[in-house]
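Every read-out reported here was derived from the displayed coordinates using simple, explicitly stated rules and does not represent laboratory data. Computed from a predicted model, the values in this text were never measured in an experiment. Here the Cβ is made from the backbone with ideal geometry for all residues, glycine too, and neighbour counts use every protein chain on show.
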Amino acid sequence: MRQETTIRRGIEKIRLGHYPTPLVRLETISRETGLHFYIKRDDLCGVAFGGNKVRKLEYLLAHAKAKGFDTILTAGGAQSNHALLTAACCGKLGLDALLLLKKRGVTEAKGNLLLASLLKTPVRFIDTDSYAEVYAQAETIMDDLRAGGKNPWLIPVGGSVPLGALGYLDAAEEIASQAGEQGFPVDHILCCSGSGGTHAGLLLGAKKLGARVTGIVVSVEENFQEEIYRLTLETAQLAGIDPGIRLEDVVLKAYIGPGYARPSEEGDAAIRFMAEKEGIFLDPVYTGKAFAGFLDLCAQGFFAPGEHVVFVHTGGGPAIFALYP
């Protein structure tokens, strides 16, 4: 089946997910926090187990197809959601995929790695903590692929480049439209900040809404505020819009726990709370820690009483089956 291709802001985009995803008010959490709490269900976008990376891949893989690339490489941790969704989307488009993953954490055939095996996507583990080393090996691999007649292209970790971040500029506009239809103002958007692209796109789009964006950081990143700020400005330039963003608009709150991709006690409690009260499952790497951060910020009085808060569910469900016994 031919995929629908459109032009957004003069840039090609290929339809991979089912949008708009639901924007739903959660009554129990609203009542218990004294806020109007909504969840944006990007985990229900319709590809694999869903997640935020599909919006980014709609732009990234449209570029790949337009430029004639036939083999897509990408990088991530051992249980990378981005890597798995890249493989799934490549399959829809008839592209080959190769996943270059750090040999850290859960490398058995569980969670996203089990799904990658069902997709028959090759995985190469690289024994390093450095993405610089991963990218260096990627260059060598791509040279070999070119020698074999292939035309490869590398998507950086998380798809967090300006082209990918456009997907969450779209998401912010989608949230604005849905909120308008439902008759409420968006005061605050809360998201997980992993590689930064989702946060950057939302921040750029939320400026039109007059909404604040807070990112919950789940991994140790040096100069992360500056990185997201730079990415936001570059995305605005690509989209041809005035960003109107200052460095201090990039608001980050760290809830890393014992480390990246390692469940935290607070995150586990938040996952159980959401599951028991609303029947929605979060994951222990990203959304569970992000929701734990939200609950802690509520306890600190971070939000004004009665604010309308949108929490972006960025997916990651397969990690439940990889990181828990």
Students often check this: by mean Cβ neighbours within 10 Å, which of 59-71, 145-157 ranks highest, and how do the rest follow?
59-71, 145-157
Over the chain, what is the percentage of antiparallel beta bridges among all DSSP beta bridges, to the nearest 5?
20 percent
Sort Val310, Val220 so the one with the fewest other Cβ atoms within 10 Å of its own Cβ comes first.
Val220, Val310
Would you mind checking the tilt of helix 131-147 against the longest principal axis of the Cα atoms of the chain, expressed as 0 to 90 degrees and rounded to 10?
40 degrees
Taking the convex hull of Cα positions in the range 236-325, its mean projected area over all directions (nm²):
8.3 nm²
Between Ile256 and Thr28, what length comes free when the chain is fully extended (0.36 nm per residue of separation minus the Cα-Cα distance, one decimal in nm)?
79.5 nm
First measure r as the distance between the Cβ atoms of Gln182 and Asp129, then evaluate 1/(1 + (r/R0)^6) with R0 = 45 Å and state the FRET efficiency to the nearest 0.05.
0.50
Helix axis angle, 162-182 relative to the chain longest principal axis, alpha carbon, degrees
30 degrees
Reviewing (1) -1.23, -1.29, -1.34; (2) -1.29, -1.50, -1.69; (3) -1.09, -1.26, -1.44, the figure for log10 I(q)/I(0) by the Debye sum over Cα atoms at q = 0.14, 0.15, 0.16 Å⁻¹ actually calculated from this model sits under (3)
So how much slack lies between Thr140 and Gln237, counting 0.36 nm per residue of separation and subtracting their Cα-Cα distance, in nm?
31.8 nm
Calculate the dipole size of the range 53-159 relative to its Cα centre from +1 charges on Lys and Arg beta carbons and -1 charges on Asp and Glu beta carbons; express the result in debye to the nearest 20.
400 debye
Charge dipole (the chain, unit charges on Cβ, about Cα centre) - positive-most of Ser219, Leu85, Ile320
Leu85
Kindly express, to the nearest 10 degrees and within the range 0 to 90, the angle between helix 287-299's C-alpha long axis and the longest C-alpha principal axis of the chain.
20 degrees
Taking the radius of gyration and the Kirkwood hydrodynamic radius from Cα positions alone, what is the Rg/Rh ratio for the range 53-159, to two decimal places?
0.94
Using 0.36 nm per residue, how much length does the chain from Glu278 to Ala147 gain when fully extended, once their Cα-Cα distance is taken away?
41.9 nm
Residue exposure sequence - Tyr168, Tyr324 - by fewest surrounding Cβ within 10 Å:
Tyr324, Tyr168
Taking the alpha-carbon distance from Lys67 and a cut-off under 30 Å, which lysines remain once sequence neighbours fewer than 8 residues away in the same chain are dropped?
Lys13, Lys53, Lys56, Lys92, Lys102, Lys120, Lys150
Most exposed to least, judged by fewest other Cβ atoms within 10 Å, Phe311, Phe273, Phe303, Phe291 sort to Phe273, Phe303, Phe311, Phe291
So which GluC sites (Glu not before Pro) in the range 26-108 pass both tests, a DSSP loop state and at most 11 other Cβ atoms within 10 Å of the Cβ?
Glu108
Using Cα-Cα distances under 8 Å and only pairs 6 or more residues apart, what relative contact order does the range 53-159 have, in percent?
36 percent
When the dipole is taken about the Cα centre of the chain, and only Lys, Arg (+1) and Asp, Glu (-1) are charged at their Cβ, what size is it in debye, to the nearest 20?
800 debye
